[in-house]
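First the structure, in the form of C-alpha cells, and then the observations on it.
The values are calculated or read from the model by the stated rules, or taken from the named source; none is laboratory data. Just so it is clear, the structure is predicted and the values come from calculations on it, not from any experiment. So basically every Cβ, Gly included, is an ideal-geometry build from the backbone, and we count neighbours across all protein chains shown. Remember, those area values only see protein heavy atoms, side chains included, never the ligands or the DNA or RNA. Shrake-Rupley method; radii C 1.70, N 1.55, O 1.52, S 1.80 Å.
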Amino acid sequence: SCYPLPSEDYYVISRTRQDVDAPRAGCVITQTLLIPMKYWVNEAHLPELIELLDCNTADETPILITKRNHSLLPNIKNKTLSELLEALFLEKRVPIVVFGADDTEALIVRLITALWPAMRKKFSTCTLSLAPRMLSGRPFDLLFAPKVARARFSEWPGRRIDASDKETQA
C-alpha cells in the first residue's frame, strides 16, 4: 500500500505478508516506511524503497543509500494497461478498482514513478484489497482486488475495471 498520511508530512509505503512463523494461523507482518514528503515528491525512487521493505530489518532501522544510477523499472505485461491509463488520465477523476489484474506491483511502481509531484503527493493505492479502503474519509485512488472480492465493492463510488476477462494483447 502507498498513501500520504493525513498531515501530508509523510508518505507511507507498506507491505503486509503472512507470518508463517507465528504460533497460530492468520497472523501477518506489516513493514512500513515513513518517507518525508519533500523527499517523496522530489527524489524518491520507488524500487529502492521497496527493496528496503524486502530486507529483514526487524531489529534495526533501515538506511536508504541513494544510488546515482537507479535500478531499471519492472516490465509490465498487463492486459488492462490501456483501460487503466484511460481511467486515470483521460476521464473524470474518480477512484478506480481493478479486479483480477496481474503484475500489480510492477504497475504501481511504473505509475507512481511517472506521476507529477503534485499528484504523487496525494496518490493512494493498494495492490491487494479485499474490500474498499478509505483515507481521511475518501476512497483510495487505485485499488487492485481479486475477482472473488467483487461483491464487497457493490457500493464502490468509482470506476470498476475487470482485468480477468481481457484478452492478452501482443
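Brief remarks on what is shown
- Inter-site label distance for Ala131 and Lys147 at 7 Å from Cα along Cβ, in nm: 2.3 nm
- Entry comment: accessible area of the range 1-41 is 63 Å² per residue, from protein heavy atoms only and a probe of 1.4 Å.
- Residues with amide H under 5 Å from that of Asp162, placed H, sequence gap 5 or more: Phe99
- Taking every DSSP beta bridge that has both ends in the range 81-165, the antiparallel portion is near 15%.
- A 1.4 Å probe, protein heavy atoms only, puts the accessible area of Ile50 near 20 Å².
- Residue-span extension gain [Val12 to Leu90] - 0.36 nm each, minus C-alpha spacing: 25.4 nm
- Translational diffusion coefficient (Stokes-Einstein; Kirkwood radius from C-alpha pairs) of the range 119-161 at 25 °C, 0.890 mPa s, in µm²/s: 225 µm²/s
- Gained length - Arg138 relative to Thr30, 0.36 nm times residue gap less alpha-carbon distance: 36.6 nm
- Cα gyration tensor, the range 96-170 - rounded (a/c under 1.5), prolate or oblate: oblate
- Computed over the range 88-170: relative contact order in percent, which uses C-alpha pairs under 8 Å that are six or more apart: 45 percent
- Phi to ³J(HN,Hα) by Karplus 6.51 cos²θ - 1.76 cosθ + 1.60 over the range 87-101, Hz, x for Gly, Pro: 5, 6, 10, 10, 10, 4, 5, 9, x, 10, 10, 10, 9, x, 7
- Accessible surface, the range 76-142, averaged per residue in Å² (probe 1.4 Å): 51 Å²
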